[in-house]
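Worksheet: the structure to be examined is printed underneath.
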Amino acid sequence: MKLMISMLRCALAAMAWMSCVTCTVTAASADGGIIKLSVLLGEFGETTPLEGASVECYDQDASSKTAITSPATTGKDGVAELEYGIVIGELDSRHPNPNIICKVMSSDSMATATPILTMYTDTHWNCTQDPLIDLGTLVVAPDRQKRGDIGDANGCGPASLPEFLTRLVEQGTGMGLGCTNHDYCYSNCLGETQKTCDDEARRIWRSECERKMQGKTAKTICKEGLAEAMYMVVTGVPGDMAYRADQIDKCKNTTSNARDGANDDDEYHHDLSSSLRIQTKSL
């Protein structure tokens, strides 16, 4: 498994260099334009506009991220509009890639007390230097550990995995942030189902691919390869077992959440708890 992860990381790195030049700027505007982004907070399978979140946008180059806008905050509708007044394609003298990526973070002005994870939009390849760049909608996740949610986290891998091996897996995948939030989500006793937890982790993992990888091909391989592979694990038998075991452990005095929100019978819960409680933990 570790060998496969190492090989995938090497392949992604190679693809990053091969895909540095993603497009040729076909038009240029010295006047710049507007970047628009809608931010929603996702929890319990629902989304609501997030007011007051901080948004920053960059030109993401092979060696650095160059800020192209001043930070802005989202309005009551969750929308932020950021002005840029430079030709994005000229920021990188070696590779004229107008590759715009925005990150969304918690701020002191947020309307909710719920802290959020820093998450990234899909990269926009602005080859035509559009005056209006609509990045669509980004659904962000609560930072469950910082918020003080019930439960604990062991990171990427089963609870039975030694800590040093867990660290190796996280270093190999670079997906520890999503794994930690996923662990806390599985322990939630307030209405999160396995599906809502798994879907949230998938969004975080794909966001990490956008943050970490350079080049269109590398980003795609990371999102559709590594992130989707991890998602398949948690939505399969290992994740199902881990979710049920966590619900038994942490939610003894509450109504247990079964997969997709349905409740299972007590006899099944008792048998599962005795056999799986120590053996499994979410990715």
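Bear in mind these aren't lab numbers, they're just calculated from the coordinates by the rules spelled out. This one's a predicted model, so the numbers in the text were calculated from it and none came from an experiment. In this analysis, Cβ positions are derived from the backbone assuming ideal geometry, glycine residues included, and neighbour counts consider all displayed protein chains.
Distance check, please: which entries in LYS212/LYS250; LYS146/LYS212; LYS195/LYS252; LYS76/LYS250 exceed 27 angstrom between their Cα atoms?
Details: LYS212/LYS250 34 Å; LYS146/LYS212 23 Å; LYS195/LYS252 20 Å; LYS76/LYS250 35 Å.
Result: LYS212/LYS250; LYS76/LYS250 exceed 27 Å.
Testing the spin-label approximation: label points 7 Å from Cα along Cα→Cβ at ASP77 and THR118. State their distance in nm.
Calculated label separation equals 2.9 nm.
List every residue whose amide H lies under 5 Å from the amide H of ASP143, counting only residues 5 or more places away in sequence or on a different chain, with H placed 1.01 Å from N in the peptide plane.
ILE116, LEU117
Length gain on complete extension for the stretch THR47 to ARG147, per 0.36 nm per residue less the alpha carbon to alpha carbon distance?
Numbers: separation 100, 0.36 × 100 = 36.00 nm, distance 1.81 nm.
Here the segment from THR47 to ARG147 would lengthen by 34.2 nm.
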